[in-house]
Amino acid sequence: MLKCAGKTLLAAAVLAVASPAVAQDTIKMGGLATLEGAFAAPGQDGIRGIRMALEEFNHTAGGKKIELITGSSDASPASAIRATRKLVEQDGVQIMIGPLSGSEGLAVKDYAKTKPNVTFINGTSAAQDTTLRKPAPNFFRFSTEGAQWMAGLGEYAYKVKKYRKVAVLAEDYSFPYTQVFGFLEPFCRLGGKASVNARFWVPIGNKDYSSVIAALPDDVDAIYVALGGADAINFLSQYQQAGGELPLIGGSITVDQTVLGSKGKIRKTVIGTPSAGPISDTWDDPRWKAFVAQYKKMFAGKGGFPSPSLFAHGYYINTKAALLALNQVKGDLSDGGKKLRAALSSLKFESPTGMVSLDPRRNAIADMFLTEVVEGPDGNLVNKTIGVTKQVSQTFGVKYEEFLKYGPVSRTNPPCK
Amino acid sequence: MFGIERNSSRYPLGINPAVLLAAVFLIAYPLFASDFFTFQIGAYSLILGTIALSLTMLAGYGGMVSLAQMTVAGFAAYLMAILGTNSVGVMGLGWPWWLTVVIAILGAALLSTFIGAIAARTEGIYTIMITLAIAVAFFYFVRQNYQIFNGFTGFAGIKPPTLFGLYWRDPTPFYYLALAIAAFFFLAVRYGARSTFGLGLQAVRDNPRRVRALGINVFLHRIVAYFYAGIIAGTAGVLLVWFNGRVSPGIVGVDMVIDILVIAVVGGMRAPIGPFLGAIAFVLLENFAIDLIDRERFNTVIGLAFLLVVLFSPDGLLGLWRRIESKIRLPRASARLGVRANRGDWHPAGSSERM
């Protein structure tokens with residue numbers, strides 16, 4: 001797969017040499033993803049997203065060749081900072097794409113403040129405070145965040161599914177906090193209940209859920225589960241084995257392709273589980289279908305998932321934004337990227353999942369998808385699109401100052417008594 | 001393993017010109033190196049080297065391989081965040097920086113002493129197992145404790161003070177700070193090896209039964225060694241939290257614990273310069289292996305490089321250097337090696353247990 005990248009780069013280089021008028025100059029772009037540790041598979045899909053965008057633009061933007069330099073972290077903030085610092089200070093990248101995970105994003109935002117002449121664009125990190133509180137003027141997020149991803153799910157659970165009382169099971173760090181907040185805020189505003197005592201927080205990599213399953217209360221209508229990757233598979237299969245009967249509500253990466261495509265015995269448990277997120281596998285829209293077709297063309301049989309994950313999607317959108325803005329400023333970064341950042345701030349473009357633009361704190365406003373797990377025609381589990389919530393902002397239409405009063409995301413916010 | 005340092009009166013002023021050259025290079029380094037090389041390569045190598053130095057001291061002089069040195073450094077880093085100021089809104093008691101630093105280092109030294117008290121009655125592989133168990137337990141504890149250690153997220157926004165008009169996290173001042181501390185502990189360990197305590201520790205290492213028969217308290221000797229090692233690791237931990245600006249459980253995880261062992265072993269445990277050589281090799285590989293090979297396989301390069309070093313030079317980079325040196329300057333060096341063979345390679349009973 002990477003050899004292929006090398007070849008295309010080489011081909012581009014040969015072309016550049018053959019026709020010197022095309023590109024006299026190159027722009028260095030850094031791509032940071034978790035290529036090691038627990039999130040290595042999502043990280044690789046993120047890099048695939050960057051490559052799809054570069055391919056679409058023929059590795060050229062604003063008349064200049066784009067040179068991609070990859071960095072790797074292991075999802076810890078410290079490693080993300082070390083990799084970012086290497087890309088910025090040693091390799092001299094002027095545009096950074098990344099990172100992938102929530103707490104990494106918070107760290108990179110803080111680092112961005114010390115490098116005002118470098119433009120930082122998010123990967124898929126989706127913690128709320130990366131842009132909501134104390135944002136960095138040169139950090140952009142076109143990929144939205146975890147609370148936005150939940151848009152429509154709280155209302156759906158209350159109004160359509162008629163759930164009144166839920167238990168919560170989630171991993172114990174900033175991204176699931178953001179997701180739980182995004183789900184519970186509208187759910188509880190409508191009158192739903194989720195007692196703080198019925199919220200279970202497990203560390204990443206937890207393998208044995210028997211004690212959690214035993215402690216789940218009987219008097220709830222459903223369980224909201226925000227676990228990712230192997231954690232989700234472990235819980236879902238153990239819950240099915242234990243004969244769990246309660247319906248589930250899923251976080252954005254709890255019932256996505258990385259989990260549904262697994263070999264775990266989860267079929268009975270997950271069918272009918274509603275969820276929400278920035279993408280929907282089966283969305284019947286030409287833009288999304290073209291994106292999926294392109295993904296399959298580039299990566300089918302080369303390690304790619306059956307369908308692009310939200311990580312490929314997020315990195316793709318962020319990279320595409322950078323390239324579009326570079327086209328607008330004709331690749332001119334001689335002013336330390338000032339013009340580029342102005343172009344990014346006012347950028348509005350069609351993504352595979354609809355129109356994307358930024359709010360004043362440089363966080364994306366985009367369409368969100370409400371989905372439900374169904375058995376596809378070929379027996380595979382897929383997420384069927386139930387609805388699209390148009391143009392969701394980080395504050396859900398509430399005024400910024402008002403929204404701040406909701407308080408930072410945490411294990412107990414909202415209290416939901 | 002360590003003997004008394006050979007006398008160096010062969011050199012003018014008693015200083016080896018190579019040492020002088022190294023010192024000049026280290027002091028002049030920020031003048032020609034970029035900020036990245038000064039900070040992320042230079043200063044970070046010095047910090048990791050100092051933590052590994054505390055392990056080299058325990059293992060090389062005391063025969064006690066403690067895997068909990070990163071834990072001790074991490075504890076100091078956590079104390080800095082808990083007692084000082086952080087931007088997370090958990091703990092952060094706001095003590096003045098100088099008090100925080102002193103308490104953090106002392107706290108780390110006490111933790112190290114405590115670990116020593118548990119581990120010092122064991123030998124060889126059992127010491128490794130006990131200290132590894134402590135390190136892993138500490139990792140899970142900080143990851144799951146939210147009241148004090150703020151769990152998975154840990155702390156951010158920990159800054160060094162601005163003193164004498166300098167912000168001490170700027171690359172050049174921070175490098176010199178790390179260099180001064182590393183040099184201080186390097187010399188302290190070198191000098192300490194020749195002190196009564198250092199000689200006693202080496203005697204404990206070589207033959208604890210005989211030392212006990214002489215009326216020396218072996219247990220106490222070992223615990224005091226752990227205390228000193230704790231001071232070294234704790235001070236490096238303070239630098240580490242200033243370097244990162246943050247601390248989270250990942251920093252005391254098993255990966256980092258093993259990294260410190262790798263640094264010490266690859267550098268060579270024969271002399272206090274070893275861990276610094278190991279740290280430089282480690283940091284360079286960690287940063288640049290990704291440029292050498294397929295982006296998704298660079299950890300394999302790091303692993304292979306270390307495997308090769310250990311395979312071809314069981315005593316690490318230090319041994320590799322000594323071997324090259326002996327080839328270049330055969331007569332004098334071989335004479336020296338002869339001296340060393342007479343002096344250091346006498347293995348008393350029980351020595352097979354030590355690393």
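Of note:
- Calculated P(r) tail over 23 Å for the range A:72-195, as whole % of Cα pairs: 39 percent
- Normalised convex hull volume, chain A, alpha-carbon set, Å³ per residue: 129 Å³
- Take every pair of alpha-carbon atoms less than 8 Å apart whose residues are at least six positions apart; their mean separation over the length of the range B:59-163 yields a relative contact order of 37 percent.
- With the highest mean first, a sort of the peptides A:277-289, A:214-226 on other beta-carbon atoms found within 10 angstrom per residue produces A:277-289, A:214-226.
- Angle of helix A:310-328 to the longest C-alpha principal axis of chain A, folded into 0 to 90 degrees and rounded to 10: 30°.
- Residue-wise HN-Hα couplings along the range B:209-221, as the Karplus relation 6.51 cos²θ - 1.76 cosθ + 1.60 with θ = phi - 60° gives them from phi, are 5, 5, 5, 4, 5, 7, x, 8, 7, 4, 4, 5, 4 Hz; Gly and Pro carry x.
- Sorted largest first, the spans of the alpha carbon positions of the range A:54-118 along the three principal axes are 35, 22, 17 Å.
- Average silhouette area of the protein assembly as shown, convex hull of alpha-carbon atoms, in square nanometres: 36.7 nm²
- The simple Förster model, with R0 at 51 Å and r as the Cβ-Cβ distance, assigns B:Ala133 and B:Ile293 a FRET efficiency of 0.90.
- Least to most buried among B:Leu307, B:Leu67 (fewest other Cβ within 10 Å first): B:Leu307, B:Leu67
- Restraint check, A:Lys265/A:Lys289; A:Lys109/A:Lys268; A:Lys338/A:Lys384, Cα-Cα greater than 32 Å: A:Lys109/A:Lys268; A:Lys338/A:Lys384
- Couplings 3J(HN,Hα) for the range B:74-79, derived from phi with the Karplus relation 6.51 cos²θ - 1.76 cosθ + 1.60 (θ = phi - 60°), are x, 5, 4, 4, 5, 4 Hz, where x marks Gly and Pro.
- Computed from the Cβ-Cβ distance with R0 of 35 Å, the FRET efficiency linking A:Thr114 to B:Ile27 stands at 0.85.
- Taking amide H as placed 1.01 Å from N in the peptide plane, the amide H of A:Phe140 sits under 5 Å from that of A:Phe120, A:Ile121, A:Asn122, each at least 5 places away or on another chain.
- Helix axis angle, A:174-189 relative to chain A longest principal axis, alpha carbon, degrees: 50 degrees
- Look at where the Cα atoms of the range B:112-159 and of the range A:152-222 average out, and the two centres are 32 Å apart.
- 0 to 90° range, to nearest 10: angle between helix A:229-241 axis and chain A longest Cα axis: 20 degrees
- When the range A:292-337 is reduced to its Cα atoms, the Kirkwood hydrodynamic radius in Å: 12.4 Å
- Each of B:Phe312 and A:Ser357 was given a label point 7 Å from its Cα along the Cα-to-Cβ line. The distance between the two points is 6.2 nm.
- Shown here: the range A:15-123, whose C-alpha atoms stretch 43, 30, 18 Å along the first, second and third principal axes, sorted largest to smallest.
FYI, it's all coordinate maths here, none of it is from the lab. Since the structure is predicted, the reported quantities are computational estimates derived from the model, not experimental observations. Methodologically, a virtual Cβ is constructed for each residue, glycine included, from the backbone with ideal geometry; neighbour enumeration extends over all protein chains shown.
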